[in-house]
1. For B:CYS72, are the conditions met, namely being within 9 Å of chain A (Cβ to nearest Cβ), touching a Phe, Trp or Tyr at 6+ places or on another chain (Cβ under 6 Å) and under 22 Å from A:CYS58 (Cβ atoms)?
2. Contact list please: Cβ distance under 6 Å, first residue in the range B:190-215 and more than 7 Å from chain A (Cβ to nearest Cβ), second residue in a loop (DSSP other than H, G, I, E, B) and buried (at least 21 other Cβ atoms within 10 Å of the Cβ), pairs at least six apart or on different chains.
3. Just the residues that are under 21 Å from the mean Cα position of the chain (by Cα) and at the interface with chain B (Cβ under 7 Å from one of its Cβ atoms), please, taken from the range A:33-62.
4. Return the residue satisfying two criteria in turn: it lies in the range B:106-143 and is surrounded by 21 or more Cβ atoms within 10 Å (Cβ to Cβ) and of a type in the set (Phe, Trp, Tyr), and of such residues it is farthest from the other protein chains (Cβ to nearest Cβ).
5. Is it true that B:LEU93 is more than 8 Å from chain A (Cβ to nearest Cβ), on the phi < 0 side of the Ramachandran plot, assigned to a loop (DSSP other than H, G, I, E, B) and surrounded by 22 or more Cβ atoms within 10 Å (Cβ to Cβ)?
6. Which ranges mark the helices (runs of 4 or more DSSP H) fully within the range B:133-233 that have 3 or more residues being of a type in the set (A, V, I, L, M) and at pLDDT below 90?
7. Only one residue in B:TYR79, B:TYR54 is within 14 Å of another protein chain (Cβ to nearest Cβ), at pLDDT below 95 and under 19 Å from the mean Cα position of the chain (by Cα), so which one is that?
Amino acid sequence: MSESEMGKSGMKKDKLVGKENMVRIGVLFTSIVFIAIGIMRQEHLEVLQKAVRICLECIGIG
Amino acid sequence: MSGMHRDRMNAGRQNDTDGQGAGRKDASRQSRGFRRISFQRVVQLLSAALVNGYVVGFQKGTIFTGKSKAICVPVLNCYSCPGALGACPIGSLQEALGGRHHFPFYVLGSLMLFGIVLGRAVCGLLCPFGLVQDLLYKIPVPKWKVPGRIDKPARFLKYVILVVLVIFLPAFLATKTGIVPPYFCKYICPAGTLGGGILQMIANPALRKLAGALFSWKVLVMVVILAASMFISRPFCRYLCPLGAFYSVFNRFSFYQMHFEESACVACKQCENACPMAVEVTKDINGQECIRCGKCKTVCRAGAITSDFVRKS
């Protein structure tokens with residue numbers, strides 16, 4: 001492989017890595033925003049309410 | 001085979017010879033009852049102990065009712081397990097979708113966060129039910145290699161379970177009484193039967209009287225999965241787990257990544273033979289099925305496989 005070809009493939013790889021990093025940071029940011037909205041809507045308390053009681057369906061009774 | 005590969009294989013053999021002293025030491029330690037526990041196993045045990053740290057629950061047959069149960073744990077761990085300190089994300093997702101019919105920001109955000117940071121490393125390193133399957137696979141019985149024509153389509157089943165039982169049915173199908181059961185937990189989840197059902201039945205005589213056909217069905221599902229785990233490596237993770245299906249979507253983009261250095265590979269295929277999920281390591285190391293258990297990394301003598309949180313450019 002010539003130097004110019006290697007340079008081109010390296011640039012392509014860098015672009016791909018850059019795109020992947022953007023996706024990563026975007027999803028991370030979205031997930032944090034979702035959690036914040038959920039907490040503002042007190043969804044964590046709904047989770048708590050369900051989790052502090054024995055879930056009869058989960059254990060095969062309900 | 002290229003000359004470079006031959007050199008590397010020879011270097012690998014040389015390392016084997018150099019490592020004979022250490023090997024003898026290991027053998028001597030093993031004969032004295034010592035056995036080196038892998039990094040994966042240490043992390044799995046710590047994780048299982050951490051998410052099920054409420055010891056009093058096991059003694060009294062009760063469950064933990066503290067505020068930490070508002071937090072979803074990253075793994076499939078039933079919140080009705082006597083020791084559970086957090087909430088199961090799959091149970092919580094079904095509840096959130098069915099309870100008030102709104103978009104489950106909190107649970108979905110938590111799942112996305114775990115997915116984007118770790119991907120399926122959650123399955124390989126943190127999940128207590130993964131640990132159970134790994135230990136069962138250690139039992140010395142003949143091991144089955146599932147043929148590709150069955151294995152590949154069967155892996156799709158976990159996505160069907162995620163979409164139908166965890167998302168679609170809880171969101172749209174209520175019973176006559178208006179209650180939306182957590183369909184996956186109710187009819188399939190073996191982690192709930194093992195960690196919640198059986199332990200609660202042992203500790204709580206009042207619950208034992210209520211057990212009927214549904215409990216028998218759940219025990220049957222669990223027994224089949226646990227029995228299969230002795231012959232096939234991680235059958236639940238491969239074919240049925242909706243949580244693994246969710247995390248697999250993030251596997252390629254997660255911050256924690258595996259890296260395969262093709263130029264260092266000696267094509268010995270040790271990595272693919274060691275993989276519990278039958279991943280084609282040399283072709284698609286960060287594919288949807290890789291659970292980042294690190295077994296390929298451990299067996300690779302050429303040092304062609306690494307893993308870290310930062311993607312190398």
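The values are calculated or read from the model by the stated rules, or taken from the named source; none is laboratory data. Only a predicted model underlies this, so the values are computations on that prediction, with no experimental measurement involved. Backbone-built Cβ (ideal geometry, glycine too); neighbour counts: all protein chains shown.
1. no
2. Pairs found: B:ALA191/B:LEU76; B:ALA191/B:CYS78; B:GLY195/B:CYS78; B:GLY195/B:CYS81; B:LEU199/B:PRO82.
3. A:PHE34, A:ILE35, A:ILE37, A:GLY38, A:ILE39, A:ARG41, A:GLU43, A:HIS44, A:VAL47 - these are the residues of the range A:33-62 that are under 21 Å from the mean Cα position of the chain (by Cα) and at the interface with chain B (Cβ under 7 Å from one of its Cβ atoms).
4. Restricting to residues being surrounded by 21 or more Cβ atoms within 10 Å (Cβ to Cβ) and of a type in the set (Phe, Trp, Tyr), the top hit is B:PHE129.
5. no
6. B:199-203
7. Exactly one of B:TYR79, B:TYR54 is within 14 Å of another protein chain (Cβ to nearest Cβ), at pLDDT below 95 and under 19 Å from the mean Cα position of the chain (by Cα), namely B:TYR79.
Residue-wise test of (1) in a loop (DSSP other than H, G, I, E, B); (2) surrounded by fewer than 22 Cβ atoms within 10 Å (Cβ to Cβ).
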{"residue": "B:ILE37", "(1), (2)": "yes, yes"}
{"residue": "B:VAL43", "(1), (2)": "no, yes"}
{"residue": "B:LEU46", "(1), (2)": "no, yes"}
{"residue": "B:ALA49", "(1), (2)": "no, yes"}
{"residue": "B:GLN59", "(1), (2)": "no, yes"}
{"residue": "B:THR62", "(1), (2)": "yes, yes"}
{"residue": "B:THR65", "(1), (2)": "yes, yes"}
{"residue": "B:SER68", "(1), (2)": "no, yes"}
{"residue": "B:VAL75", "(1), (2)": "yes, no"}
